[in-house]
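The values are calculated or read from the model by the stated rules, or taken from the named source; none is laboratory data. Fair warning: this is a prediction, and the values are worked out from it, not measured in the lab. With ideal geometry, Cβ positions are generated from the backbone for all residues, glycine too; neighbour counts draw on all protein chains shown. Surface areas here come from the heavy atoms of the whole protein model, side chains and all, with no ligands, DNA or RNA. Shrake-Rupley method; radii C 1.70, N 1.55, O 1.52, S 1.80 Å.
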Amino acid sequence: MKIILLLAMLVSFLLTLVLGRFVIAELRKLKAGQEIRKEGPSWHAGKAGTPTMGGIMFIIGSGVTAFIMGWNAMLRGEFTHLYVYLFALIFGLIGFVDDYRKVRQHQNEGLTAKQKFLLQLLAAIVFLSLMRYEGLLTNRLYVPFLNLNVEVNWILYLMFAAFVIVGCVNAVNLTDGIDGQSSSVTFVVMLFFTAAAAKWDLLPLALVPAALAGGLAAFFLYNHHPAKVFMGDTGSLFMGGAVAALAFAMDMPLILILVGIIYILETLSDIIQIVYFKMTHGKRFFKMAPLHHHLELSGWSENKLVVVFSGVTALCCILAWFGIQGRGM
């Protein structure tokens, strides 16, 4: 299994790397340049016009790899990896529509918050319903380290699951604000899910995080500072969908608290900033939210942010790995 997963990473890496040249060229022809938020750090203005929607390259690269290498499993009637990928793809399509509207309207606003929320909630409900129908989702909440499975009422569990999925997807999206940051952090998370799936012999499910890890590694070569392309909501919502879907497909959503620590911190910083601003009538808790912008204004370089955030994620993933050792599948 290890050899197959390494091969999936390599194939996806090479495929995404090759696709990158064509995708970036086409995005430039379409003049699909990113509009930069006026509220962001002033030096980000120089990034205006950088091609966006680049997430297309790793979405295709990882999808083709997982589909081809999981073909024999599908012939045997195993489709979990396909469900996970398609679920992430739906979020990627929502992001694509959002990006496309931004590009066409030449502003940094696409779909409204309400539109995105309703579409994401609908996608989550469909995915959870499908997984339950196929018998691939249980209402037992696994607690890492304690090795406990707490049974929860189905209705409550589905409400909890939908909330976690939508929250996770938007948290990953919020993390995408620095060159190479979201792709590097999620690369580490995908390595964790690949290792976890391999530990429990969940092939072909393991092909999805393995292929996405390879795709993200290739994308990072185009996306590290100074970025030649941005993934856009197309890529970040797809990644968020993949992270959430894998957590539920492996029946351990609480592990997201550890492996998604950076996503959570970024989201909390945004929430704290908004609440504090309203409570104090205009004062700010952070220099700027989310967290990566605060650290930027505190003197951190984009490269330092990528290294530190990826390092923190890696340490938490190692801790999470020890937290699931007592579990059997």
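Numerical summary
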item	result
Selected residue (criterion: modelled with the highest pLDDT) from residues of region 5-52 that are in contact with a Pro (Cβ under 7 Å, 6 or more places away or on another chain) and aliphatic (A, V, I, L, M)	Ile24
Residue count, region 306-327 (criterion: in a loop (DSSP other than H, G, I, E, B) and in contact (Cβ under 8 Å) with a residue 60 or more places away in the chain)	3
First in region 276-290 and within 18 Å of Gly177 (Cβ to Cβ) and touching a residue at least 24 places away in the same chain (Cβ under 8 Å), second anywhere and in a helix (DSSP H, G or I) and among the charged types (D, E, K, R), Cβ under 6 Å, 6 or more apart	Pro290/Glu266; Pro290/Asp270
Candidate set from region 280-329 (those that are farther than 26 Å from His224 by Cβ and among the hydrophobic types (A, V, I, L, M, F, W, C)); member that is most open to solvent (accessible area, probe 1.4 Å)	Phe322
Residue list for region 120-146, restricted to those being open to solvent by 70 Å² or more (accessible area, probe 1.4 Å) and farther than 17 Å from Val84 by Cα	Arg140, Phe145, Leu146
Residues that are open to solvent by less than 20 Å² (accessible area, probe 1.4 Å) and either among the acidic types (Asp, Glu) or more than 25 Å from Gly20 (Cα to Cα) (or both), drawn from region 58-73	Ala73
Test set (1) among the polar types (S, T, N, Q); (2) part of a helix (DSSP H, G or I); (3) in contact with a helix residue (DSSP H, G or I) (Cβ under 9 Å, 6 or more places away or on another chain) - Asn303 fails condition number	(3)
